[in-house]
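These notes are about the structure you will find just below.
Just so it is clear, none of the values below were taken in a lab; they were calculated from the coordinates. Being a predicted model, the structure only gives us computed values, none of them experimental. No Cβ is skipped: glycine too gets one built from the backbone with ideal geometry, and neighbour counts run over all protein chains shown.
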2 protein chains.
Amino acid sequence: MSNDGDTGRFAYDGLERIIHERARLSILTSLASHPKGLLFNDLKALCSLTDGNLSRHMTMLAEAGLVEIEKGERNNRPTTLCRLTESGRTRFLSYLSVLESVLADAQRLPTGRPSEGLAPA
Amino acid sequence: MSNDGDTGRFAYDGLERIIHERARLSILTSLASHPKGLLFNDLKALCSLTDGNLSRHMTMLAEAGLVEIEKGERNNRPTTLCRLTESGRTRFLSYLSVLESVLADAQRLPTGRPSEGLAPA
């Protein structure tokens with residue numbers, strides 16, 4: 001690369017693995033658009049996950065401090081409410097801003113400076 | 001979920017694993033914005049990957065038909081040119097459209113229909 005400023009230009013370090021994995025991205029997006037939280041079964045349906053998979057990913061997200069899980073009761077039945085934490089929301093927004101830059105980079109017009117035209121490094 | 005139409009609403013099946021993994025997303029975005037291709041070393045710098053990692057991911061992407069690798073020579077030195085294939089470009093655009101819907105879903109205003117307010121299923 002002739003221009004050192006381009007080094008790491010497409011590295012996207014902000015795409016944290018804990019958030020980027022598809023099932024967890026699905027869970028976090030569902031929760032982000034439901035600020036009061038979602039019941040476990042509703043979240044499971046929205047994300048098309050099994051009980052086991054949703055449990056496993058929610059545990060990972062809770063251990064990372066991104067979500068919180070609240071056990072309760074409604075109409076004499078146990079309920080599990082899932083919510084983004086405040087810091088989870090902040091980290092998710094920061095992740096989304098990197099995702100936006102991926103989209104912007106992928107969709108911008110070609111630079112007209114193809115690598116082939118450069119002198120070898 | 002009271003509305004069956006919401007089932008799978010946030011599942012994002014179109015986020016193909018072969019494309020979604022961060023290093024490969026980085027590689028594909030670099031190549032998408034350089035339609036004439038990138039030399040291996042330039043691509044490596046843009047993505048901040050090691051030789052070994054870039055080789056491994058390029059092999060996976062080539063086996064999936066998303067990229068092509070062309071060995072050549074320039075100024076008496078061997079070169080490796082990396083490019084998106086036509087079908088790779090099509091699949092990547094389709095992936096990006098799902099990514100756009102993730103962003104749209106995550107950033108839209110809350111629906112005002114929190115899960116907590118629903119009667120248990």
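All conditions but one from (1) within 10 Å of another protein chain (Cβ to nearest Cβ); (2) free of Cβ contacts under 8 Å to residues at least 12 places away in the same chain; (3) surrounded by fewer than 17 Cβ atoms within 10 Å (Cβ to Cβ) apply to B:Thr79; the one that does not is (2). Which residue is surrounded by the most Cβ atoms within 10 Å (Cβ to Cβ), if the candidates are limited to the stretch B:82-94 and must be within 11 Å of another protein chain (Cβ to nearest Cβ) and either over 16 Å from the mean Cα position of the chain (by Cα) or in contact (Cβ under 8 Å) with a residue 24 or more places away in the chain (or both)? Among those residues, the one meeting the criterion is B:Cys82. Considering (1) among the hydrophobic types (A, V, I, L, M, F, W, C); (2) under 30 Å from B:Cys47 (Cβ atoms); (3) within 12 Å of chain B (Cβ to nearest Cβ), the lone condition that A:Met60 does not fulfil carries the number (3). Each residue in the stretch B:25-41 was checked for being within 9 Å of chain A (Cβ to nearest Cβ) and in contact with a strand residue (DSSP E or B) (Cβ under 9 Å, 6 or more places away or on another chain), and 11 of them qualify. Among the criteria (1) touching a helix residue (DSSP H, G or I) at 6+ places or on another chain (Cβ under 9 Å); (2) more than 9 Å from every other protein chain (Cβ to nearest Cβ); (3) within 19 Å of A:Leu103 (Cα to Cα); (4) of a type outside the set (Gly, Ala, Ser), the one B:Arg22 does not fulfil is (2).
Residues in the stretch A:74-89 include at least one that is closer than 17 Å to A:Ile18 by Cβ and of a type in the set (Ser, Thr, Tyr).
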